[in-house]
1. Within region 114-133, can you find the residues that are of a type outside the set (S, T, N, Q) and not in a helix (DSSP H, G or I)?
2. From I398, I362, grab the single residue that is of a type outside the set (G, A, S), more than 12 Å from I243 (Cβ to Cβ) and not in a loop (DSSP other than H, G, I, E, B).
3. Given the residues A403, A440, which is the only one that is at pLDDT 90 or above and surrounded by 19 or more Cβ atoms within 10 Å (Cβ to Cβ)?
4. Scan F382, F350, F371 and give me the residue that is buried (at least 19 other Cβ atoms within 10 Å of the Cβ) and either in contact with a Gly (Cβ under 9 Å, 6 or more places away or on another chain) or touching a residue at least 12 places away in the same chain (Cβ under 8 Å) (or both).
5. Taking the options A718, A671, name whichever one is open to solvent by less than 20 Å² (accessible area, probe 1.4 Å), modelled with pLDDT of 90 or more and in contact with a helix residue (DSSP H, G or I) (Cβ under 6 Å, 6 or more places away or on another chain).
6. If you check W31 against the conditions, is it closer than 30 Å to P625 by Cβ, touching a residue at least 12 places away in the same chain (Cβ under 8 Å) and aromatic (F, W, Y)?
7. Could you list, in sequence order, the residues of region 114-128 that are modelled with pLDDT of 90 or more and either surrounded by fewer than 22 Cβ atoms within 10 Å (Cβ to Cβ) or among the acidic types (D, E) (or both)?
Amino acid sequence: MSVRRIATKKSLPPDPSWVSIPRTDGDRKNWPANTEKVVSADGHVNFMRPVPIDEGVCITWRCQLGTRVAAALGLPLGPTYVLKDWPAGYHMYDHNKGPASNPRHDAYLIAGIAKFRSINEFIPHAEWLSRDATMDRSNCVCKYCTKRPQKEISHGLGLSMRTSASSSPAPTQRTRKPPPTRPPHATIRKPPPKEQKLHPGPKTALSPEKDNDILDSLTLRDIQGIRYFRSGELVWCALSSPISPSSADEDGIEFWPGVIEMMNTKAEAVPRDHEQDISSTQREDSHRPSTDAPKPTISWKPTQSRVYRIKLLATAHTIPFSDHDLLPYLAYAPSDSMIHGLQQYLPEGFHSPNSAIIAEDISKQFDFNPFAEVGSGEAAVFARFREAVIPCALAIQIASHIAGFWTPTDEWDFKFTLNVPAASPTATDPSLSIQDLLDAEKAGVPLPNVPSALTVPRTVTQLRYQGLWWGAERIWTEELVRLKLARYQFVPAGNDIVYPPAGPSKTTQEWNTQHDIPSGDPLSGSGEKGLFMKIDGLFVVDTDSKDGSGKIKECRASGMIYELVDHDWDGGDDQVALLPDTNNKGKGRASDSASAPSSTQNGTKDGFHPFTPPRPILTATYPLPDPPMGYKFKPVLQPGNEVVLSLSLISGRYYPHLFSHPRLRKILQQAVEATASDMSGLAQNKHVWAMQGLLPGVHQSMDPVTWKPTRYMMFSEADASAREQLRSTREQIFKRQDGDVPMDEVVDGPSESISAAGSSISARI
């Protein structure tokens, strides 16, 4: 059988940055008493050896925990963080059990509530101790506080599933001896301590779907690239060959809208290059003794790819696609000429055999397959295009309706405590909104989170969400989104909370000078570019209705705002300075002159402390994605602040490295050539540059206005509305052909519009 051992030889990394867990729930009373080695009559041991802090197993734990604790504390990326010491009341033990000459070894970090058997078991508990000043155990997601399986927790937090309980090497082998004959066991001992009663764990877990989606969108892998696309999203699917009226027409139907039903990973072996075979064989032979026989050359290598099952809108077909054949819905806009071709051939399309189903049953799906092979000859090419006109027009219209819907998802209750005046009705009135309680706390508490004799604590519950269906896209909290605002529209002069817009870097200024380009323009630098938000919270607030009849509920987002600066920008003296403090008495009131969303600050102001909700514990810590090439992200707000804004200011998701997508090369080339030849080309292609934040997100954004409770209902109503619109268009075209309706009356009808939401394209039939 195998014998487990723990690692004893491990050294600290060079020049480590120490971090400490700021609080503890440990208790020395729970430490084991059997710490001395005692060999029984049959030659066995069973004791807990205290492990010094500088022994190998402790160093392994401290190195892996240091990175997670630093992230939970909000420390910057870059340094090599190592946990300086265990929290008070914690200690590492090596459990020796078995034959005294070769016992089994298991490492345990023993604390107040449990014995943590692995690094993965302790990571969520350590993050909770680092984040939660309230020490509310219901905010901890470890297995001992939630009573959930460790495998589920590790998957939800993106922890490695291969970390062993003791960070040990492979087990060694020993000869099994038959157990000796022993007399029946009988002994006297004190009863074991009673099980400690723990606080109830959180009722809602971190969504595994959220964790997987965000991690896959951040990571550039050698074997798989970034995953942009998520289940339920609306995307553009590249056709194997364009569908055009003739073979000479280059501007036909190139993409078809579809909905992602599921995603799978496909593993396969592909042939290696000859050079790779030689280098791989040589590398292996260099480590092999010369007496060994040469191993056969491996002529293949493993690869993985994603396969998406896409339901093509308006058709009865579901087709598999790879990452390279899909584009985000906002990344492609049907050209004007393509829309014009659809409207030109719409009357002929209604006479095609495939379109007769609209007259029979409006709910039926078209049997047209955009990926079917076309016959030879111009007649076959045109016949295929005529069959595609009606399904394509309907598919674009369905997609446009889907892009107009939204709903928050994965709700949970966020509880926090406010100190309100004891003599005020806010102390007991259950009808008051959270904003009313915040105002009461500002007026009654002179210092932050310090109750006084004149105040009483009141627990408040705020409805929060982990995700959001935003038109065509699936958005999660803790990921970066584009905003409609330009940087110069958000507090352009800066104040004591908001930094002013960053100017160009010194390298850019020198280049501008060499090319006689003025650099003093306030829109230079980050001013004319878009803004980004890393969403920390999605929550519901009570606000006044437009007609003043009472309170209504509104969903808002909060988080840090970022701007784009040059990659070599260092914030030198050429940066616009912060506004000075005119009173010389610390921070003053923020300027109210800016037409921007309100920010929540974390500092003393006018003698009271504005409330800033603590970071929800039902979150993980994700890094920022890679910025566009040549730029980097810079926070707009000083640390400890966040912006709260309406969802209508969100343009959509940010897709890192999107411009490297092979299906965007043609679009980017056309945009660059149009901009280089004529400045009007820049205005025509603003939607392209806005996808990476090089221009404000308003130029290419989702604009959903209608709330629907489920994603399924969005698809159902979008399909029904588009089909009813198409049926009405068909009836009016037939009436026009019969002479019953004048031409201009049909053209002006609201039902005859082919539009692609978010692409700034709307062509009337």
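1. Hits for region 114-133 are A114, K115, F116, R117, D132, A133.
2. Just one listed residue meets the conditions, I398.
3. Working: A440 fails: at pLDDT 90 or above.
Of A403, A440, the one residue that is at pLDDT 90 or above and surrounded by 19 or more Cβ atoms within 10 Å (Cβ to Cβ) is A403.
4. Sole residue among the options that is buried (at least 19 other Cβ atoms within 10 Å of the Cβ) and either in contact with a Gly (Cβ under 9 Å, 6 or more places away or on another chain) or touching a residue at least 12 places away in the same chain (Cβ under 8 Å) (or both): F350.
5. A718
6. Taking the combined requirement at face value, the residue does not satisfy it.
7. Correct list: R117, S118, E121, E127.
Okay, residues lined up against (1) in contact with a Lys or Arg (Cβ under 8 Å, 6 or more places away or on another chain); (2) not hydrophobic (A, V, I, L, M, F, W, C):
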| position | (1), (2) |
| --- | --- |
| P334 | no, yes |
| Y345 | yes, yes |
| E348 | yes, yes |
| I362 | yes, no |
| A383 | no, no |
| E387 | no, yes |
| L394 | yes, no |
| T409 | no, yes |
| W412 | yes, no |
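The values are calculated or read from the model by the stated rules, or taken from the named source; none is laboratory data. Everything quoted here is computed from the prediction, not taken from an experiment. No Cβ is skipped: glycine too gets one built from the backbone with ideal geometry, and neighbour counts run over all protein chains shown. Heavy atoms of the whole protein, side chains included, go into the accessibility calculation; ligands, DNA and RNA do not. Shrake-Rupley method; radii C 1.70, N 1.55, O 1.52, S 1.80 Å.
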